[in-house]
Amino acid sequence: MKINYFKLYIFLISISCTWVYSQKQESKSICKPIINKSKKIKAMTTQKNVFGTDLIIASIDPMTGFFRNGFCSTDLNDRGVHVIAAVVTDEFLKYSLSKGNDLISAYPESGFPGLRAGNVWCLCAMRWKEAYEAGVAPKVILEATNIQALDYVDLEILKKMRQD
């Protein structure tokens with residue numbers, strides 16, 4: 001059986017956007033897929049990045065974000081404030097584990113695949129800041145990092161830690 005990945009991706013974006021839309025009362029992370037003339041998919045969210053422009057998708061493999069829609073979007077239900085798009089490293093993953101947050105092990109029952117170095121993941125702002133102060137913070141993708149990260153971390157620090 002041949003899988004049409006384009007159609008599968010559209011389907012998955014539609015499902016995540018429908019779920020997010022159903023959360024509309026407390027959420028501003030409404031998203032919708034847009035297919036432009038070149039058949040490239042661009043999912044949209046109403047939330048902004050640290051530059052005040054449209055937030056871009058952080059990762060869909062693994063699927064990240066508080067809403068598991070690929071964006072580092074947030075709302076009042078996101079107590080961890082998962083807004084920093086980071087390229088995780090082994091050093092950071094070990095640090096997080098030492099603080100009681102196991103991001104390495106998979107938890108299939110909750111849909112968490114487990115992370116390995118090189119994965120992009122929406123991290124809790126305070127954990128990233130704590131890791132930065134300990135000298136083990138991973139690099140960040142600023143265009144995918146939510147503007148709400150600036151409530152916790154100075155933009156100049158984030159720029160210094162920008163993934164090239």
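At a glance:
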read-out	value
Relative contact order computed over the stretch 47-160 (Cα-Cα under 8 Å; 6+ residues apart), in percent	36
Difference of contour (0.36 nm per residue) and Cα-Cα distance, D61 to S98	10.8 nm
Label zone at A134, where the point sits 7 Å out along the Cα-to-Cβ direction: the stretch 90-110 residues whose backbone N lies under 16 Å	90-105
Potential extension, D151-F112 segment - 0.36 nm per residue separation minus Cα distance	11.3 nm
Flagged links, alpha-carbon separation over 19 Å, of K48/K99; K99/K159; K94/K159; K48/K94; K48/K159; K129/K160	K48/K99; K99/K159; K94/K159; K48/K94
Length-normalised contact order for the stretch 62-120 - Cα pairs under 8 Å, 6+ apart - percent	29
Radius 10 Å from Cβ of I104, net charge of other residues (Lys, Arg +1; Asp, Glu -1)	0
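No value in this document is a laboratory result; all are computed from the given coordinates. Here the structure is a predicted model, which means the values were calculated and not measured. Cβ sites come from the backbone with ideal geometry, for glycine too, and all protein chains shown count toward neighbours.
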